[in-house]
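Engineer: My structure is below; once you've seen it, I'll send some questions.
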Amino acid sequence: MLVKVYGAAVFGIEATTIAVEVNIDTGIGYHLVGLPDNAVRESSYRISAALKNNGYKLPGKKIIINMAPADIRKEGAAYDLTLAVGILAASNQIKSETISSYMMMGELSLDGSLQPIRGALPIALKAKEDGFQYLILPKENAKEAAIVSDLEILGARNILEVIQHFNGQHKIAPTLVDTTAEFYKNIDFPEFDFSDVKGQESIKRCMEIAAAGGHNIILIGPPGSGKTMLAKRLPSILPPMTLEEALETTKIHSVVGNTKNEGLRYQRPFRSPHHTISNVALVGGVQYPRPGEISLSHNGVLFLDELPEFKRDVLEVLRQPLEDREITISRAKFTVRYPCSFMLVASMNPSPSGFFNDPNSPRTSSPQEMQRYLSKISGPLLDRIDLHIEVTPVPFEKLSEEKKGASSATIRSRVTAARALQSARFKNFENVHYNAQMNVKQLREFCKLSNESKMLLKTAMEKLNLSARAYDRILKVSRTIAELATIADISSDHIAEAIQYRSLDREGWLG
């Protein structure tokens, strides 16, 4: 008997429907074709044990299984449930009248229990797109998949529940989630708050500008000056994610298995990889493509602490994603694209000793040591960082003050208001939501300067020897500063403030 059941292959952050054709005929053997990897081939052992331990069995006949389309590689143990149900239906151990309206995925344990899988949300989206009525998944993945409307998500604990469901003995209750209500009910913010930061008013101002315009920022200061503490608080002043952003973020994290027993991700991601990270781990890839740290930071913050300690080739792979906000990974057998619209927050010491230009420290670095240290960060990478800000140690008087600074909620309200202005301005532009995403054409349209502002910027360009990309960054930052002040036109004061946030462009850094 021939039966067709359906599963899905996740490739990148998208899913493709896989038709599993099971034919049982006279003879003996188990033949699985359609480009399966070793984990899929081993499924026969898991299926056999799971069925036997639940009172069912593999038929002692010739079983031929084709997984179509055959040119897509099938990998992982998540096809166990699809294959098992196909075999049971083809051997008349379960009823198959309605089986074509189901998509199903799940990894089987030897006792028949279902283990959670990766990519439940992309699979659910594909099931809805292709017109399936039901999706059967392990119980731990049901809440995540139930984000998708107009699709019944059936979360099963073991294969026996699935068999009883198809045979009409005990129907699996669908998992229901009111996505919009859940989203607005669960919006929250990180526990770190800017009110805990003593002093550092100029740094807080710079970070507010960065958050308002989605600008990349680098903090330069000696050890103990508070760079990491400030960076960890940046997500607390970012606007809450929109429902669309939350769905997009959850989809990426679903592919790497970061969403088990969860629904939507409500907080913006904050990723802080160690400086020993490889370029593959940063951008994604490996034998079977997976998102890297930059994609896991999508709609959030990627924090690179002690930037010069990262390998130069690792830092260089950031250049294209920072510009395009998308990473393309090309290998001999595949090409995938991952979104990676993130804010880069980096920190570094001003010198190898960490105390460059500090009159209170005897530790200094020679010009040669400084040159070697700073050469680890290329000019093109620095050009893609909009804001360079020096962080100085907080004096004792400020540290001992009882008075607290502005809270994250207060700063966030100003940031959100500025982002709202940008959203209104860019509503007719695709993939542009805030100032840092503007292209050259939009810069010319929305960042017009007076003659006074042009002369000021020209002088800065000549004295600091700034690149054309740095020029664009200054315009974008100026636009954000004007919006925080709720002023329509960019003035020379806004340009002057944006220019002072280009510390690393100054020659003084080389002693």
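Engineer: State, to one decimal in nm, how far the label point of Asn38 lies from the label point of Asp130, with both points 7 Å from Cα in the Cβ direction.
Structural biologist: 2.8 nm
Engineer: Same structure again: Just to confirm the filter: which trypsin sites (Lys or Arg not before Pro) across segment 390-471 are DSSP coil and have at most 15 other Cβ within 10 angstrom of their Cβ?
Structural biologist: Numbers: sites: Lys398, Lys403, Lys404, Arg412, Arg414, Arg419, Arg425, Lys427, Lys441, Arg444, Lys448, Lys454, Lys458, Lys463, Arg469; in loops: Lys403, Lys404, Lys427, Lys448.
When the trypsin sites (Lys or Arg not before Pro) of segment 390-471 are filtered for loop state and at most 15 Cβ neighbours within 10 Å, Lys403, Lys404, Lys427, Lys448 remain.
Engineer: Please list, in order, the residues from segment 222-246 whose amide nitrogen is less than 14 Å from a point placed 7 Å along the Cα→Cβ vector of Ser407.
Structural biologist: 237
Engineer: In square angstrom, rounded to the nearest 10, how much accessible surface does Asp71 have for a 1.4 Å probe?
Structural biologist: About 130 Å², ignoring ligands and nucleic acids.
Engineer: Give the long-range amide H neighbours of Tyr6: residues separated by 5 or more places, or on another chain, with amide H under 5 Å away, using H modelled in the peptide plane at 1.01 Å from N.
Structural biologist: Val20, Met104
Engineer: A further question on this structure: In whole Å, what is the distance between the alpha-carbon centres of segment 149-169 and segment 247-321?
Structural biologist: Spelled out, the Cα-based centre of one part sits 34 Å from the other.
Engineer: Moving on to the next point. Read phi for every residue in segment 323-328 and hand back ³J(HN,Hα) as whole Hz from Karplus 6.51 cos²θ - 1.76 cosθ + 1.60, θ = phi - 60°, with x for Gly and Pro.
Structural biologist: 7, 8, 6, 7, 10, 10
Engineer: Do any GluC sites (Glu not before Pro) in segment 1-64 lie in a loop, going by DSSP, with at most 14 other beta-carbon atoms within 10 Å of their beta carbon, and if so which? If you can, show how the numbers build up before the last one.
Structural biologist: Values: sites: Glu14, Glu21, Glu42; in loops: Glu42.
Sparse-neighbourhood loop GluC sites (Glu not before Pro): Glu42.
Engineer: Separate question: Pull out the extension gain between Thr392 and Glu201, defined as 0.36 nm times the separation in residues minus the alpha carbon to alpha carbon distance; nm, one decimal. Provide the component values of the computation, followed by the final result.
Structural biologist: Numbers: separation 191, 0.36 × 191 = 68.76 nm, distance 1.11 nm.
This chain segment gains 67.7 nm when fully extended.
Engineer: Quick one: which residues, 5+ away or cross-chain, put their amide H under 5 Å from the amide H of Ala346? H built at 1.01 Å from N.
Structural biologist: Long-range HN contacts for Ala346: Ile217, Ile218, Leu219, Leu304.
Engineer: Quick one: Karplus J couplings for segment 236-253, per residue in order, coefficients 6.51, -1.76, 1.60, θ = phi - 60°, nearest Hz, x for Gly and Pro?
Structural biologist: Going residue by residue, I get 6, 10, 6, x, x, 5, 6, 4, 4, 5, 5, 5, 5, 5, 4, 4, 5, 5 Hz, with x marking Gly and Pro.
Engineer: Quick one: of Lys427/Lys476; Lys128/Lys171; Lys95/Lys139; Lys139/Lys232; Lys232/Lys458; Lys232/Lys448, which pairs are farther than 28 Å apart, Cα to Cα?
Structural biologist: On the way: Lys427/Lys476 17 Å; Lys128/Lys171 21 Å; Lys95/Lys139 22 Å; Lys139/Lys232 34 Å; Lys232/Lys458 35 Å; Lys232/Lys448 34 Å.
Check vs 28 Å cut-off fails for Lys139/Lys232; Lys232/Lys458; Lys232/Lys448.
Engineer: Over segment 192-232, with every protein chain in place, what whole percent of the accessible area is carbon and sulfur at 1.4 Å, could you tell me? Please list the in-between numbers first.
Structural biologist: Values: 560 of 1010 Å².
Solvent-exposed carbon and sulfur of segment 192-232 make up 55 percent of the total.
Engineer: Sticking with this structure for a sec: Can you work out the PRE-style zone for Ser375? Point 7 Å along Cα to Cβ, and I want the residues of segment 212-247 with backbone N under 19 Å.
Structural biologist: From segment 212-247, the list is empty.
Engineer: Using a Förster distance of 22 angstrom, determine the FRET efficiency expected from the C-beta separation of Asp150 and Glu262, and round it to 0.05. Mind showing how you got there, number by number?
Structural biologist: Working: r = 21 Å, r/R0 = 0.96.
With a Förster radius of 22 Å, E is 0.55.
Engineer: Using a 7 Å offset from Cα along Cα-Cβ at Asn431, what residues in segment 280-323 end up with backbone N under 20 Å from the label point?
Structural biologist: Residues 283-285, 290-302, 317-323 qualify, since their backbone N sits under 20 Å from the label point.
Engineer: Among Gly12, Ala49, Gly34, which residue has its Cα positioned farthest towards the positive end of the charge dipole of segment 4-62, with +1 placed on the Cβ of Lys and Arg, -1 on the Cβ of Asp and Glu, and the dipole taken about the Cα centre?
Structural biologist: About the Cα centre, the residue reaching furthest to the positive side is Ala49.
Engineer: Could you list which residues have their amide H under 5 Å from that of Phe11, counting only those 5 or more apart in sequence or on another chain, with H placed in the peptide plane?
Structural biologist: Those qualifying (amide H under 5 Å, at least 5 residues apart or on another chain) are Thr16.
Engineer: Additional query: Per residue of segment 444-450, what does 6.51 cos²θ - 1.76 cosθ + 1.60 with θ = phi - 60° give for ³J(HN,Hα)? Whole Hz please, x for Gly and Pro, Karplus curve as stated.
Structural biologist: 5, 7, 9, 10, 6, 10, 6
Engineer: While we're looking at this one, here's another question. Using the alpha-carbon atoms, what tilt in degrees (0 to 90, nearest 10) does helix 120-129 show relative to the longest principal axis of the chain?
Structural biologist: Approximately 70 degrees, to the nearest ten.
Engineer: Using the alpha-carbon centroid of each, what span in Å lies between segment 189-213 and segment 422-437?
Structural biologist: Centre-to-centre distance over Cα atoms comes out at 24 Å.
Engineer: Moving on. With an 8 Å Cα cut-off and a minimum separation of 6 or more residues, compute the relative contact order for segment 3-122 in percent. Walk me through the numbers on the way to the answer.
Structural biologist: Values: 237 pairs, mean separation 41.8, N = 120.
Contact order relative to length: 35 percent.
Engineer: So, taking all protein chains as they sit and a 1.4 Å probe, how much accessible area belongs to Phe334, in Å² rounded to tens?
Structural biologist: For Phe334, the solvent-accessible surface is approximately 20 Å².
Engineer: Could you give the length gained by full extension between Ala488 and Asn167, i.e. 0.36 nm per residue of separation minus their alpha carbon distance, to one decimal place?
Structural biologist: Gain on extension, Ala488 to Asn167, equals 108.9 nm.
Engineer: Before rounding to the nearest 500, sum -39500 (n - 2.57) across all DSSP H runs of length at least 4 in the chain and divide by the residue total; then give [θ] at 222 nm in deg cm²/dmol.
Structural biologist: So the calculated ellipticity at 222 nm is -10500 deg cm²/dmol.
Engineer: Excluding Leu230 itself, calculate the net charge of residues whose Cβ lies under 13 Å from the Cβ of Leu230, where each Lys or Arg counts +1 and each Asp or Glu counts -1. Before the final figure, lay out the partial values.
Structural biologist: On the way: positive: Lys198, Lys204, Arg205, Lys227, Lys232, Arg233; negative: Asp193, Asp196, Glu201, Glu208, Asp305, Glu390.
With Lys, Arg at +1 and Asp, Glu at -1, the neighbours total 0.
Engineer: While we're looking at this one, here's another question. For the chain, with equal point scatterers placed on the C-alpha atoms only and solvent neglected, what are the log10 I(q)/I(0) values from the Debye formula at q = 0.05, 0.11, 0.13 1/Å, to two decimals?
Structural biologist: Listed by q, the Debye log ratios stand at -0.26, -0.94, -1.16.
Engineer: Between Glu97 and Thr335, what is the spin-label point distance in nm, taking each point 7 Å from the Cα along the Cα→C-beta axis?
Structural biologist: With each label point 7 Å from Cα toward Cβ, the separation is 4.8 nm.
Engineer: Could you calculate the FRET efficiency of Arg444 with Ser423 from 1/(1 + (r/R0)^6), where r is the beta carbon distance between them and R0 is 25 Å, rounded to 0.05? Don't jump to the answer; show the numbers that get you there.
Structural biologist: Working: r = 20 Å, r/R0 = 0.82.
Calculated value: 0.75.
Engineer: Multiply the residue gap between Thr179 and Ile28 by 0.36 nm, knock off their C-alpha separation, and tell me the result in nm, one decimal place.
Structural biologist: Working: separation 151, 0.36 × 151 = 54.36 nm, distance 4.87 nm.
Using 0.36 nm per residue and subtracting the Cα-Cα distance, I get 49.5 nm.
Engineer: Largest first, how would Leu282, Leu484 line up by accessible area (1.4 Å probe)?
Structural biologist: Working: Leu282 0, Leu484 30 Å².
If we order Leu282, Leu484 from most to least accessible, we get Leu484, Leu282.
Engineer: Can you figure out the FRET efficiency of Gln320 with Ala68, using R₀ = 25 Å and their beta-carbon distance, to the nearest 0.05?
Structural biologist: Numbers: r = 35 Å, r/R0 = 1.41.
With R0 = 25 Å, the Cβ-Cβ based efficiency is 0.10.
Engineer: With a 1.4 Å probe and every protein chain left in place, tell me how much accessible area Ser491 has, in Å² to the nearest 10.
Structural biologist: 40 Å²
The values are calculated or read from the model by the stated rules, or taken from the named source; none is laboratory data. None of these values were measured; they are calculated from a predicted model. Methodologically, a virtual Cβ is constructed for each residue, glycine included, from the backbone with ideal geometry; neighbour enumeration extends over all protein chains shown. When the accessible area is computed, the model is the full protein with side chains, heavy atoms only, and any ligands, DNA or RNA have been set aside. Shrake-Rupley method; radii C 1.70, N 1.55, O 1.52, S 1.80 Å.
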